[in-house]
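The structure appears right after this line, and notes come after that.
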Amino acid sequence: MQSLLPHLRVLHRLGPADRDRVSALRVAVSVAVPSLCLLAAGHPELIIYAVFGALTGMYGRSEPHQLRLRHQLQAALVLVGGLGVGVLLSVTGLHSWWLVAVESVLAAAGSLYADRVGLKPNGPFFGILALGACASIPTPAPWPVPLLVGAASAAFSIAVGFGGWIRGRAWEPGANRGMPPLRGLRRRAAGLHAARYLAAVAAAGSIGVVSGSGHPHWAMAAAAVPLAGADLPSSVYRGLHRIVGTLLGLGVVAAVLLPWAWSPLRIFPGHGTAVLAVLVIVLQFTTELFMARHYGLAMVSFTPVILLMTQLAFPADPHLLVAERAIETLVGACVGIAVVVLVRQRGQAA
């Protein structure tokens, strides 16, 4: 029992603050401007693509401006690439096993790429999340339109992230130097890490398809979460945070979407679309506020962001939405933890 206490303390401990409000404000502005423009233009169904593009702003949060610029350009490739592949799968009607196969392979490739260029947050999570979400809804416009929306939103996010440089206009020597090439042990570690992503995402997606779930991509995304941990304990913590944070976040979703709830949709009747869009912006701010300090708290906000913008794009039964999200997250996170425990480098401590 005594040996468990330190782990229990870590699970609810907040990490140190690091100008989190500034980072959260940058991301919120990156999400708000394109989202409100689309809302004003009468196209709230496209907000999901703008938000995924704007998540570019989550990368390089504490880095010097020129290094942040480099990493956000690389992150935009992951996010807009994932979005584009998802749109392609959607418009061609390739779902189910096709989605599992494509997302698993791209998760492994994205892991190799993220390790090679040193992206922070680690791994390909947001890219495969964008892929799965965009593949699982009907594309509401000709395929170039969502792609352009995502790319424009990513470009705006990069501009916001680089905007602070204007005050100083000075380059820090060596700050934008790239990562060293993957060689020897680093190459083997990166290869093993990519294999973990392939195994975890494929296994979780297969369980989702076989079980008849309408959203196997949620299980695949959840399976990728523990793999971003630096070691075994942090990987398990992230998986547990994902489960608990998602379940609490689903309470927020229920309070907003379920008809019996005392929700803002009832307080502002006739303005449901605008209310959901504003909630997505506000909740993305609180997501980034806690993302680096406590992943579980961040998930309490990020879960509603994903479901509410999905609801804007393609409305579905909220009861089914909440239930399937809970089940798929539990399955996916457990699969991801299992893969981390079972697949380790030779000699790596448990």
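The values are calculated or read from the model by the stated rules, or taken from the named source; none is laboratory data. What you see is a predicted model, and the numbers here were worked out from it, not measured in a lab. Positions of Cβ are backbone-derived with ideal geometry, glycine not excepted, and every protein chain shown enters the neighbour counts.
Annotations
- Inside the range 239-266, residues that are in a helix (DSSP H, G or I), closer than 18 Å to Pro318 by Cα and either touching a Pro at 6+ places or on another chain (Cβ under 7 Å) or not charged (D, E, K, R) (or both) make up a count of 14.
- Meets criteria (in contact (Cβ under 8 Å) with a residue 12 or more places away in the chain and surrounded by 17 or more Cβ atoms within 10 Å (Cβ to Cβ)) for Leu89: yes
- The C-beta contact set for the range 305-328 (first residue within 14 Å of Leu279 (Cβ to Cβ), second residue charged (D, E, K, R), distance under 8 angstrom, 6+ apart or interchain) comprises Leu307/Arg325; Leu312/Glu45.
- Residue within the range 289-309 that is in a loop (DSSP other than H, G, I, E, B), surrounded by 17 or more Cβ atoms within 10 Å (Cβ to Cβ), out of contact with any strand residue (DSSP E or B) (no Cβ under 9 Å at 6 or more places or on another chain) and modelled with pLDDT under 90 present: yes
- Considering each residue of the range 332-349 in turn, at least one proves to be of a type outside the set (S, T, N, Q), farther than 20 Å from Gly239 by Cα and surrounded by fewer than 17 Cβ atoms within 10 Å (Cβ to Cβ).
- Val80 being without any contact (Cβ under 8 Å) to a residue 60 or more places away in the chain, assigned to a helix (DSSP H, G or I) and under 22 Å from Ala152 (Cβ atoms): no
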